[in-house]
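The values are calculated or read from the model by the stated rules, or taken from the named source; none is laboratory data. Here the structure is a predicted model, which means the values were calculated and not measured. No Cβ is skipped: glycine too gets one built from the backbone with ideal geometry, and neighbour counts run over all protein chains shown. Each accessible area value is taken on the protein alone, full model and side chains, heavy atoms only, with ligands, DNA and RNA left out. Shrake-Rupley method; radii C 1.70, N 1.55, O 1.52, S 1.80 Å.
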Amino acid sequence: MDPGDLRESIPALDDATYLNTGASGPTPRHVVDAATDTLRYHAFRAPAGEGAYAYAERVFDEARAAVADHLGTVPGNVALTHSTGDGLARIAAAVDWAPGDVVVRLDHEHAANVLPWARLEREAGVEVRVVETFGGRVDHEAFADAVADARLVAFSSVCWTNGVRLDVPALTAIAQEAGARVVVDAVQSVGQHAVDVTEWGADAVVGSGHKWLLGDWGSGFVYVDPGFADALHPAVLGYFGVEYPPQADYDLKPGAQRFEVGTRSLPPYAALTEAIATIEAVGVDSIEAEIERLTKRLKAGVPVDALHSPPPFESGLVSLDVDDPAATVQRLAANDVHVKTVPGPDGQLVRVSLHAFNTTRDVDQLLEVL
């Protein structure tokens, strides 16, 4: 499959220029078909056939295997969640926190990577230390000072407001050398460039299927290093997180799957499996190369003082500083060009998301309306 084939498979692009994948990706028709077929089979055939639970386990196993292969790990290190925020919250709640423990995050994190730690600060006496960034960049010396006595460090692999790509292995090494665990929000990475959790070295990596992977809402995942998983006890425990048979004197499942709780809707995970297969059919390297080509065209077409993202390529997220960002987004939408506003250091920015299904014409239409 090439990017043109991918574009043809996405009905949402028939009558619109969609440049908002960083918020929610448009889903290919065959991915929706996979979800629909799964729903129908589970409802109509499985109960009197292989069984509703047996079929569900098969769908979940396939999704874990797809995620694991895509991230460079094994299925036992992957738990299925509902979203990125869900995965981050499950990790945050599973640590045996003590008053005075320190969590470090960056100042540009999305709410999904702010709220779990803010709750701990309010309810458990945990200190949340925020590291200032500069245009999305992290000063490694300041970061090292901040994490020196931290128990856990959480940061995003790609800054959601301006597309800066962080040096995950370097930041992870600094934090782990100080004795801290590292949790990475990778939702803006998975699907637009290669992610290998072994190379990153983080203790946990969290993402979801509905952005750059072009899956459906309701499918999230978390990779947990086995050594970290064994030290965690989920705050919310259910049937799928314990060894069979589930009972009061329970044993947690080994590895990441202790974070899975109870019965869930199957279609999002069938869609996730098909979406990952689609991304891999196009090729992650081909996707990144096409995103780079398109972002270069966009950046070359806007005034230098309007560009809030790095001029060199880092990701498909490009933020622009324009007069009246909200009105600009509305004007673009009136011309069937869909972007969004995001917070910037001095007010709102217009953020453009470019995926491999986008085209030169999409970029030129955006520039023309701007």
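Here residue 279 passes the criteria (1) in contact with a strand residue (DSSP E or B) (Cβ under 7 Å, 6 or more places away or on another chain); (2) open to solvent by less than 10 Å² (accessible area, probe 1.4 Å) except the one numbered (1).
Counting only strands (runs of 3 or more DSSP E) that sit completely within segment 125-201, those holding 3 or more residues that are open to solvent by 40 Å² or more (accessible area, probe 1.4 Å) correspond to 127-131.
Among the residues of segment 262-274, those identified as touching an Asp or Glu at 6+ places or on another chain (Cβ under 8 Å) and either farther than 14 Å from residue 35 by Cα or among the small types (Gly, Ala, Ser) (or both) are 270, 271. Which residue, of 85, 100, is assigned to a loop (DSSP other than H, G, I, E, B) and touching a residue at least 24 places away in the same chain (Cβ under 8 Å)? Of 85, 100, the one residue that is assigned to a loop (DSSP other than H, G, I, E, B) and touching a residue at least 24 places away in the same chain (Cβ under 8 Å) is 100. Only residues that are assigned to a strand (DSSP E or B) and among the basic types (Lys, Arg) were counted across segment 288-324, and they come to 0. For segment 106-119, indicate whether the set of residues that are within 13 Å of residue 221 (Cβ to Cβ), in a loop (DSSP other than H, G, I, E, B) and open to solvent by less than 60 Å² (accessible area, probe 1.4 Å) is non-empty. There is no residue in segment 106-119 that is within 13 Å of residue 221 (Cβ to Cβ), in a loop (DSSP other than H, G, I, E, B) and open to solvent by less than 60 Å² (accessible area, probe 1.4 Å). Determine if segment 21-42 includes at least one residue that is open to solvent by less than 50 Å² (accessible area, probe 1.4 Å), within 25 Å of residue 319 (Cα to Cα), polar (S, T, N, Q) and in contact with a helix residue (DSSP H, G or I) (Cβ under 8 Å, 6 or more places away or on another chain). Among the residues of segment 21-42, at least one is open to solvent by less than 50 Å² (accessible area, probe 1.4 Å), within 25 Å of residue 319 (Cα to Cα), polar (S, T, N, Q) and in contact with a helix residue (DSSP H, G or I) (Cβ under 8 Å, 6 or more places away or on another chain), which makes the answer yes.
All conditions in (1) farther than 29 Å from residue 120 by Cβ; (2) part of a loop (DSSP other than H, G, I, E, B); (3) in contact with a Phe, Trp or Tyr (Cβ under 8 Å, 6 or more places away or on another chain) hold for residue 42, with the sole exception of (2). Residues in segment 202-218 that are touching a Pro at 6+ places or on another chain (Cβ under 8 Å) and not in a loop (DSSP other than H, G, I, E, B): none. Scanning segment 47-73 for residues that are touching a Lys or Arg at 6+ places or on another chain (Cβ under 9 Å) and surrounded by fewer than 18 Cβ atoms within 10 Å (Cβ to Cβ) gives a single hit, 50.
Within segment 271-285, residues that are of a type in the set (D, E, K, R) reach partners that are part of a helix (DSSP H, G or I) and surrounded by 18 or more Cβ atoms within 10 Å (Cβ to Cβ) with beta carbons closer than 8 Å, at six or more positions or on different chains, in the pairs 274/31; 274/34; 274/35; 280/70.
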